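To start, the structure under review is shown below, and the notes come after it.
The values are calculated or read from the model by the stated rules, or taken from the named source; none is laboratory data. Since we're looking at a predicted model, the values are computed, not measured. Reconstructed Cβ throughout: ideal geometry from the backbone, glycine too, with neighbour counts over all protein chains shown.
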Amino acid sequence: MKRNFLNIVMLMLALSTLTIDNAFSQGLKMPAASSKQTITQDLGISQITISYARPNVKGRKIFGGLEPYGAVWRTGANGATTLTFSGDVIINGKTIPAGTYGLFTIPNKNEWTIILNKDSKQWGAYEYKQADDVLRFNVKPEQTKSKVETFTISFPEVTATEATLAIAWENTKVTFPIQVNQDAEIMASIDEAMKGDKKPYLAAAQYYLNNNKDLDKALTWADEAVKANPALPYPYYWKAQIQLKKGDKAGAKATAELGKQVAEKAKSDEYIRLNSQIIEKAK
């Protein structure tokens, strides 16, 4: 009797194991303990892509606890966090060539070390080698206003030439800027495009205006943009902005008034408002 009972128990265990193995072999879907996120941020004419896993606090002490001070950290969970630059960038004053890098950090209470490592294909930081570092620098951590339950990497501030990368978890945040110097490349691109049949007059004029280039040339291009698109309100607005920056208030006012009329005809509330703002500034 006992032998039969034992046989039944063994059979049930075997069937249970087979059922689990079969479920996994058929592609059992289970949520990851740390969700994965990949984000891409435009920076100038290039892009930055981050891929990382996002662990949760789950009531634990993170820095100085789960992640000990003074130890190299994968900056996330699972595989190493990666940073991919489609073009060259500048971090902490050093030019970093386009490519993919592992992002590691060394957390400490009063200072963190940020590390870019050329070995981006590794699990955690177990095979990390300092000899493969392409960049190391220190930043000061700050306390977050509220608790960050899920580990987060983000770009809270972005301009045409700089993006701030922020790393936040629990009650700690560190940030550092990633910069680009693409002016020579953009200017060369504009010069080359102006040799073609379809000249980017308005885009070139906008770049010259926003980056303190030759305003006379920008105005010439804006004039061409207005001539090419007389029924559109936005070329007038940009031409008026250039005139205003040149100190020609009368010219800016006249151009904006035309732009407002065109905007009213096109029923474009946005450019009615924007051209009206130029008119006010030019008074």
Just for region 122-143: of the residues that are assigned to a strand (DSSP E or B) and touching an Asp or Glu at 6+ places or on another chain (Cβ under 8 Å), which one is farthest from K94 (Cα to Cα)? V139
Does any residue of region 240-257 turn out to be touching a residue at least 40 places away in the same chain (Cβ under 8 Å) and either assigned by TED's automatic domain parsing to the domain that holds L202 or in a helix (DSSP H, G or I) (or both)? yes
Here the residues within region 103-113 that are crowded, with 21+ Cβ neighbours inside 10 Å and part of a strand (DSSP E or B) are L103, F104, T105, W112
Within 16 Å of S34 (Cβ to Cβ), out of contact with any His (no Cβ under 7 Å at 6 or more places or on another chain) and modelled with pLDDT under 95: which single residue out of N78, N56 fits that description? N78
Filtering region 168-219 down to residues that are among the polar types (S, T, N, Q) and surrounded by 15 or more Cβ atoms within 10 Å (Cβ to Cβ) yields N171, T172, T175, Q179, Q182, S189, Q206
Residue pairs qualifying under the 6 Å Cβ cut-off, at least six apart or on distinct chains, with the first in region 168-179 being part of a strand (DSSP E or B) and the second being aromatic (F, W, Y) and crowded, with 17+ Cβ neighbours inside 10 Å, are W169/F151; T172/F63; V174/W112
So, in region 154-165, how many residues would count as being surrounded by fewer than 16 Cβ atoms within 10 Å (Cβ to Cβ), under 18 Å from I90 (Cβ atoms) and touching a Ser or Thr at 6+ places or on another chain (Cβ under 7 Å)? 2
Out of D42, D119, sole residue that is in the same structural domain as E149 (by TED's automatic domain parsing), charged (D, E, K, R) and in a loop (DSSP other than H, G, I, E, B): D119
D133 being surrounded by 14 or more Cβ atoms within 10 Å (Cβ to Cβ), among the acidic types (D, E) and modelled with pLDDT of 95 or more: yes
Any idea which of A204, A188, A222 is free of Cβ contacts under 8 Å to residues at least 12 places away in the same chain and hydrophobic (A, V, I, L, M, F, W, C)? A188
How about region 52-95: which of its residues are under 19 Å from E185 (Cα atoms) and surrounded by fewer than 18 Cβ atoms within 10 Å (Cβ to Cβ)? S86, G87, D88, I90, K94, T95
